[in-house]
Amino acid sequence: LRDRAGSRSAGAAGESPAGDWWRRAAVYQIYIRSFADANGDGIGDIDGIRGRLDYLRDLGADAIWITPWYPSPMADGGYDVADYRDIDPMFGSLADAEALVREAHDHGIKVLIDLVPNHTSNRHAWFREAIAAGRGSPERNRYIFRDGRGPGGDEPPNGWPSGFGGSAWERIVEPDGSPGQWYLHWFDVAQPDLNWEDEEVRAEFESILRFWFDRGVDGFRIDVASALVKDPSLPELPLEPPGGGMPDNHPYFDQEGVHDIYRSWRRLAATYTPARVLLGEIHVATAERLVRYLRPDELHGAFNFPFMRTPLEATALRTVIDATLRTHASVGASPTWVLSNHDEIRHATRFGRAYTGIRSRPGDELMPSDLALGRRRSRAAIMLVLALPGCSYLYQGEELGLPEVEDLPGHLRQDPLWEGTGHEIRGRDGCRVPLPWSGEAPPFGFGPPGSVPWLPQPADWVALTAAAEAADPGSMLALYREALRLRRTRPDFAGPTLRWLPSPPGTLLFARGRRMRCAVNFSAQAMPLPAGRSPVLESVPTEAGSLEPDALQPDAAAWFELPEE
Ligand code: NOJ
Ligand code: CA
């Protein structure tokens, strides 16, 4: 480990130059409520993260991204921020946050935090001021308030739906007690959308960026980054194109004006040494539209949701990988690869289903999953991801092979989707269950003995604790550690490109550098591998007896090197 830290700062062969770390980092996403609970109140906290930095370093995380930790009424797991310049007491204090940043840096780990600029909490001081100040006031102009339609303004200004169910508009009571204006909330009613036409909103967020950059934070993951700017005429949503996808001229996805915000943030980030990094949660119609956010004067990176949504099928994977590499290269950006996050069904469960898309249709979560198959495919999938050029995002717990917890009782579910959709969509709590660290029974080391995690952990997670897996060379954790180590240290993985090689239908084979090869078999047949190769890593051991020596089993991946020519 000492070697690793040393070679990093020296920028040795195979390592990114220090300033470019985000081009090929492994970023570990921490959903703070569910990572580690130091004080035993059942909720993960900053001190919990501080206590697990060795684990993160040993895993091979170059950076962590921490989901919102600001004071929040938690109407949407902290994505409803009441004060952008403080820490919620349930997570700790500002001093704890500063200590975490320092200690993470001492471990060679960068720290990214989550910025939520599309909306605030309805408990934010600005929202209270907006209600109190009345119609037409500068305070109200920070949000998107409109008079209602119809007699008495009783109907919402337009028909936009909330992403969490129901209308995106809520009517307020004016300070004099009369029925009042309506405000836009694309998400929960407790998450009013900000008005990005307002100069004060723009200035405030630049000040918030500085606040955290000055405290050593290395960058931000930007929530809902492509939807901040709304067409001020608030037209009805265009119809979805036949076959699905995103229509042109959407009034809030991918409006041209949003790019100015990121140009300005990029200038600000570049004034710091080392330059701070900006990563967007961006949903747009095409890869070509996506990389417009990644032009050299805008964001450094964006999550690759099209890749995450691609089923484990060779042709579809190759198509999305090629589109990603081609479009990113066209603007000089580095691609990202992601299998899971805190909004999606955990991939160990998804990959065990006949349908392997994400939580897009109500009811998907009710399909049976073959978890043994899901884990086996997860092993192959992460070896594919970590062999690709660019940056990888890992979601806490995937390195343990955690499944989605699908049987949480309704009364414990906290995701606003559950209530908002009248229990039609179960929501995202099942991928947010607190991590199992050690021991034989809940709380599995998540908190001190006797503490009760905010969501119950399944008893059979006893086999999936970090401690149990650390002791087992065949575990998912062991695979992640080794794959991350190889990816970091083998010079062949350092370049920005890959080269496809011929392989049978249903399989992928590509070269990284001169000698490294990655083979992935999602077909139903064994995939022949070249004789004379040197095995580097295998998702399913191919040692004597388990199969023909020169073949890769279905739902498996292998990294190997070819001899020097
Ligand atoms: C995306 C976040 O990842 C999700 O968890 C949140 O509910 C929405 N944005 C709204 O902030
Ligand atoms: Ca706690």
**Request:** Place the peptides 301-309, 144-152, 502-510, 414-422 in order of packing, highest mean first, counting for every residue the other Cβ atoms within 10 Å and averaging per peptide.
**Result:** 301-309, 414-422, 502-510, 144-152
**Asked** Quick one: Cα centre-to-centre distance for region 48-74 and region 194-273, in angstrom?
**Response** 25
**Prompt:** At Arg210 and Arg85, where each label point lies 7 Å from the Cα along Cα→Cβ, what is the point-to-point distance in nanometres?
**Reply:** 1.0
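Would you mind putting 330-341, 310-321 in packing order, based on average other-beta-carbon counts within 10 Å, highest first?
In descending order of packing, they fall as 330-341, 310-321.
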**Request:** With a Förster radius of 22 Å, plug the Cβ-Cβ distance of Arg514 and Asp20 into 1/(1 + (r/R0)^6) and report the FRET value to the nearest 0.05.
**Result:** 0.50
**Request:** For region 93-214, calculate the relative contact order in percent as a whole number, restricting contacts to Cα pairs under 8 Å that are 6 or more residues apart.
**Result:** 22
**Prompt:** Relative to the present Cα-Cα distance, how much length would full extension add between Trp500 and Ser93 at 0.36 nm per residue of separation?
**Reply:** 141.6 nm
**Prompt:** Using a simple charge model, +1 on the beta-carbon of Lys and Arg, -1 on the beta-carbon of Asp and Glu, nothing else, what dipole does region 333-478 show about its Cα centre, in debye to the nearest 20?
**Reply:** 380
**Request:** Rank by packing, highest mean first: peptides 517-523, 274-280, 431-437, 492-498, with packing defined as the count of other Cβ atoms within 10 Å averaged across residues.
**Result:** 431-437, 517-523, 274-280, 492-498
**Item:** Rounded to 5, percent antiparallel among DSSP beta bridges of the chain
**Value:** 55
**Prompt:** So how tilted is helix 258-270 from the main axis of the chain? Cα-based, degrees 0 to 90, rounded to 10.
**Reply:** 70
**Request:** Rounded to the nearest Å, what's the spacing between the alpha carbon centres of region 368-446 and region 296-315? Just the number, please.
**Result:** 20
**Asked** Given 0.36 nm per residue, what is the gain on full extension from Asp147 to Glu256 after removing their alpha carbon distance, in nm?
**Response** 36.6 nm
**Request:** Just grab the label-to-label distance for Asp58 and Glu200, each label 7 Å out from Cα along the Cβ direction, in nm (one decimal).
**Result:** 5.1
**Prompt:** What is the dipole size for the chain, taken about its Cα centre, with +1 at each Lys and Arg Cβ and -1 at each Asp and Glu Cβ, in debye to the nearest 20?
**Reply:** 1800
**Item:** Normalised contact order of the chain, rounded percent, pairs of Cα under 8 Å and 6 or more residues apart
**Value:** 13
**Value at 222 nm in deg cm²/dmol, rounded to 500, when DSSP H runs of n ≥ 4 in the chain each add -39,500 (n - 2.57)** = -7500 deg cm²/dmol
**Prompt:** To the nearest 10 degrees, how steeply does helix 476-489 sit against the main Cα axis of the chain, on a 0 to 90 scale?
**Reply:** 80
**Asked** What length, rounded to one decimal in nm, is gained on full extension from Ala285 through to Arg318, with 0.36 nm per residue of separation minus their alpha-carbon distance?
**Response** 10.0 nm
**Message:** Can you give the local net charge around Thr327? Use residues other than it whose beta-carbon is closer than 12 angstrom to its beta-carbon, Lys and Arg +1, Asp and Glu -1.
**Reply:** +2
**Complete:** Output for region 457-553: GluC sites (Glu not before Pro) sitting in coil per DSSP, at most 16 other Cβ within 10 Å, listed by number, reads Glu543
**Message:** Taking 8 Å as the Cα distance limit and 6 or more residues as the minimum spacing, I'd like the relative contact order of region 382-515 as a percentage.
**Reply:** 22
**Message:** Just to confirm the number: angle between the C-alpha axis of helix 199-213 and the first principal axis of the chain, 0 to 90 degrees, nearest 10?
**Reply:** 40
**Message:** How much accessible area per residue does region 350-502 have, counting only protein heavy atoms and a probe of 1.4 Å, in square angstrom?
**Reply:** 38
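The values are calculated or read from the model by the stated rules, or taken from the named source; none is laboratory data. It should be emphasised that the depicted structure is a prediction, and the values quoted were computed from it without experimental measurement. Note that we place each Cβ from the backbone using ideal geometry, even for glycine, and neighbour counts take in every protein chain shown. We work out accessible area using only protein heavy atoms, side chains counted, and drop any ligands, DNA or RNA first. Shrake-Rupley method; radii C 1.70, N 1.55, O 1.52, S 1.80 Å.
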